[in-house]
1. Hey, can you tell me all the residues within segment 21-58 that are within 13 Å of the ligand (Cβ to nearest atom), under 20 Å from residue 193 (Cα atoms), under 16 Å from the mean Cα position of the chain (by Cα) and not polar (S, T, N, Q)?
2. Mind listing just one residue for me: the one in segment 49-77 that is polar (S, T, N, Q) and in contact with a helix residue (DSSP H, G or I) (Cβ under 9 Å, 6 or more places away or on another chain) and, of those, farthest from residue 28 (Cα to Cα)?
3. State the number of residues belonging to segment 75-85 that are among the hydrophobic types (A, V, I, L, M, F, W, C) and assigned to a loop (DSSP other than H, G, I, E, B).
4. Sort out for me the helices (runs of 4 or more DSSP H) sitting completely within segment 97-149 that have 3 or more residues that are acidic (Asp, Glu) and within 22 Å of residue 177 (Cα to Cα).
5. Could you please find all residues in segment 192-223 being surrounded by 15 or more Cβ atoms within 10 Å (Cβ to Cβ), within 7 Å of the ligand (Cβ to nearest atom) and farther than 16 Å from residue 153 by Cβ?
6. Do we have any residue at all in segment 18-29 that's surrounded by fewer than 23 Cβ atoms within 10 Å (Cβ to Cβ), among the hydrophobic types (A, V, I, L, M, F, W, C) and over 17 Å from residue 118 (Cα atoms)?
7. Let me confirm something: among 22, 88, which residue is modelled with pLDDT of 95 or more and not in a helix (DSSP H, G or I)?
8. If I ask for residues that are surrounded by 19 or more Cβ atoms within 10 Å (Cβ to Cβ) and free of Cβ contacts under 8 Å to residues at least 24 places away in the same chain, which ones from segment 133-158 would you list?
Amino acid sequence: MSGVFLVTGGSRGIGAAAARLAAERGYDVALTYICRKDAADAMVADIQRMGRRALAVQCDVADPVAIANAFDAVQRAFGRLDAFFNNAGILWPHSRFVDITAEQLSRTIAVNLSGPFHANQHAIRRMSTRFGGKGGAIVNMSSMAAKLGGAFECVDYAVSKGGIESMTIGLAKEHAAEGVRVNGVRPGIIETDIHASAGDPGRVARIASSVPIGRGGSAQEVAETVLWLCSPQASYVTGVTIDVAGGRGI
Ligand code: NAP
């Protein structure tokens, strides 16, 4: 596979696994980060060692101007965009529904929903044949929380991911005839830093036994699904969000 793969939040976790796998599959890779320049630079060096071109761009996805600048930087560096993994997201420390503050709700929606919404507008403008593009694939990052509701922990997060799933359906229908396939992934409990960042480093171990497969998932396992959705092997797949959750939520 040749082409250019862009992932938001590609410095760590699932986004980093997808960036590495995309390079292995033959893509040049652009990734964004918000504050971990060290991790983003290390990813760029890894990808370059694999013989692919790589670019890291600082971008808070909550800022529509920063998103526009990131897409412009990719265009300047690579001149095309073939696959976009709309991945960056945040999770706050657990709160009961009534305790979620206005500030928390607004930041969750800005990063997890409005940001991905604006980013998709840029991706569509570059990929859609209606805008002179050559087509492409988008994968949006949801979460099993969208199905389960996030009760007692993160209803704000669940709501943001529910919005992502609606957007996936709408965009898939609106742009299917313009060469753009739009799908999503719905991970369950995956081993990344997000749980420690939300103040609960033991979350995966605690929940693992309740997952039908009996363990948390790896970032690599989610990345495999993302890269398949971007590939020609998924050429007739659009508008779906795929569980990568070891049976959680079924
Ligand atoms: P992670 O390990 O915490 O990585 C988060 C990534 O997003 C980092 O690259 C981080 O950049 C970047 N980021 C954070 N806030 C950002 C912002 N405002 N603008 C741009 N980039 C930002 O998280 P992860 O577990 O891989 O999560 C990735 C996605 O998967 C999220 O959307 C999350 O909701 C979703 N997800 C995760 C799980 C899970 O169990 N892990 C389950 C379901 C869904 P820096 O490195 O610069 O901080």
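1. 31, 33, 34, 40, 56
2. Per the criteria, the residue is 58.
3. Initial filter on segment 75-85 (among the hydrophobic types (A, V, I, L, M, F, W, C)): 77-78, 81, 83-85.
Now restrict to residues that are assigned to a loop (DSSP other than H, G, I, E, B): 81.
Number of matching residues: 1.
4. Values: elements: 102-109, 115-127, 145-148.
The helices (runs of 4 or more DSSP H) meeting that bar number zero.
5. Scanning segment 192-223 gives 192, 219.
6. yes
7. On the way: 22 fails: not in a helix (DSSP H, G or I).
Every option except 88 fails the conditions.
8. Those that are surrounded by 19 or more Cβ atoms within 10 Å (Cβ to Cβ) and free of Cβ contacts under 8 Å to residues at least 24 places away in the same chain: 145, 150, 158.
The values are calculated or read from the model by the stated rules, or taken from the named source; none is laboratory data. Every value quoted in this text rests on a predicted model; they were computed, and no experiment measured them. Neighbour counts are summed over all protein chains in view; Cβ atoms, including those assigned to glycine, are modelled from backbone coordinates with ideal geometry.
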